[in-house]
There are 2 protein chains.
Amino acid sequence: MKVTRETDYAIRAVLLLSEDRGKTLPVSALSEKMDLPRSFLAKILQKLSRAGIVESIRGASGGYRLKRNPSRISLYDLYKAVQGEFVVNECAVEGRVCSRKERCAVHPVWKKIEREAVREMKKHSIASLSGEKSSQRS
Amino acid sequence: MKVTRETDYAIRAVLLLSEDRGKTLPVSALSEKMDLPRSFLAKILQKLSRAGIVESIRGASGGYRLKRNPSRISLYDLYKAVQGEFVVNECAVEGRVCSRKERCAVHPVWKKIEREAVREMKKHSIASLSGEKSSQRS
DNA sequence: AGGAAACAGGATAAAATTTGTCCGATATGA
DNA sequence: TCATATCGGACAAATTTTATCCTGTTTCCT
Ligand code: FES
Ligand code: FES
């Protein structure tokens, strides 16, 4: 559930890609401009690529560019592409074995926190977050 | 931010302690009844003890008992006693070094998720969660 | 007094996760 | 062909999670 460096880096990279919209940037440029470890970022971009969020262009003058409109990329999309399903408590995951699940009164609380957090992350698109000065109220 | 086994176990133990209210139970009993690893649970109870949530009675026929009324013990109290401050993204922690903090539009989103989750956890007391059928009373 | 039951606190450690690096293979533009 | 890139897999350090064990101390009971 916690947002790791991986996801944080993914967000920063995608934010940068959304600035020069449609532009293709190599990992080196993204890494330098956002001060992120290069080879780690490379791995992260592969995940985003597989998730259909960015697109890779191989070969000389290649790099990465957004595949979707920034307004259609939410924080949740990035979280999920990088970290997978958002889970508050392993015990409350659907399909997990937990002998107490039926009578557990705490379970629903974790589920609610989960839903609220996901909802909040879905609310914010890269488009609404980019541009430094965007006074997004929520 | 994720709820670890430690916190999950703490909640189960405190729930059991709240059933026999005021009763003192040794770690062995708590461990057996809730099927939790004994020595691990012992460590967790020490944390709860230091946080003033439970009280330890040493010596033969000793054990642990609640120090506060179950209606005054929230999930958040337990989370904090065991895992410390609730944090969604390390980058967004107060007082942390992050060069981009000032102009970062994502920061407020993590903070909001944090506030909402903490609020939700504070809303539920052990009293309101115990008794399987969630009959509210205090 | 002595023994058994129980917690306190520190040391230790296995397993899992996070946070990366590196390299050989492949693709592509000039 | 050569320089520039990504791809995918292997590897690895650091940290966190999930425990266990041991020695010491307290307290009840006989
Ligand atoms: S869901 Fe497993 S104990 Fe609550
Ligand atoms: S708070 Fe550090 S980059 Fe957003």
Between the alpha carbon centres of region B:29-56 and region A:4-70 the gap in Å comes to 46
For the Cα atoms of chain A, what angle does the longest principal axis make with the long axis of helix A:107-123, in degrees from 0 to 90, nearest 10?
-> 20
Using the heavy atoms of the protein chains alone and a 1.4 angstrom probe, what is the accessible area of region A:5-129 per residue in square angstrom?
-> 50
Compare the peptides A:105-112, A:10-17, A:31-38, A:57-64 by average per-residue count of other Cβ atoms within 10 angstrom and give them in order, highest first.
-> A:10-17, A:105-112, A:31-38, A:57-64
If labels are modelled 7 Å from Cα along the Cβ direction, A:Gly84 lies from its partners in the other copies at nm distances, smallest first, of 2.6
So how much accessible area does B:Phe40 have, in Å² to the nearest 10, using a 1.4 Å probe?
-> 80
Can you give the Rg to Rh ratio of the protein assembly as shown, both from alpha-carbon atoms, with Rh computed by the Kirkwood formula?
-> 1.08
Mind giving me the FRET efficiency for B:Ala42 and A:Ala51? R0 is 51 Å, r the Cβ-Cβ distance, nearest 0.05 is fine.
-> 0.75
Over chain A, what relative contact order in percent results from Cα pairs under 8 Å that are six or more residues apart?
-> 27
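Report, in deg cm²/dmol and to the nearest 500, the calculated mean residue ellipticity at 222 nm for chain A, where each DSSP H run with n ≥ 4 adds -39500 (n - 2.57) and the sum is divided by the residue count.
So the helix-based figure for chain A works out to -14500 deg cm²/dmol.
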Structure shown: which of A:Lys23/A:Lys80; B:Lys67/B:Lys111; A:Lys112/B:Lys122; A:Lys23/A:Lys122; A:Lys112/B:Lys123 lie over 21 Å apart, alpha-carbon to alpha-carbon?
-> A:Lys23/A:Lys80; B:Lys67/B:Lys111; A:Lys23/A:Lys122
q = 0.10, 0.14, 0.20 Å⁻¹: log10 I(q)/I(0) that the Debye formula gives for region B:5-129, counting C-alpha atoms only = -0.38, -0.64, -1.03
Kindly state, to the nearest 0.05, the FRET efficiency for B:Lys67 paired with A:Glu116, given R0 = 22 Å and r defined as their beta-carbon distance.
-> 0.10
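The values are calculated or read from the model by the stated rules, or taken from the named source; none is laboratory data. Note that the coordinates shown come from a computational prediction; the quantities given were computed from them, not determined experimentally. Because the Cβ atoms are built from the backbone with ideal geometry, glycine has one as well, and the counts that use them run over all protein chains shown. Surface accessibility is based on the protein's heavy atoms, side chains included, excluding ligands, DNA and RNA. Shrake-Rupley method; radii C 1.70, N 1.55, O 1.52, S 1.80 Å.
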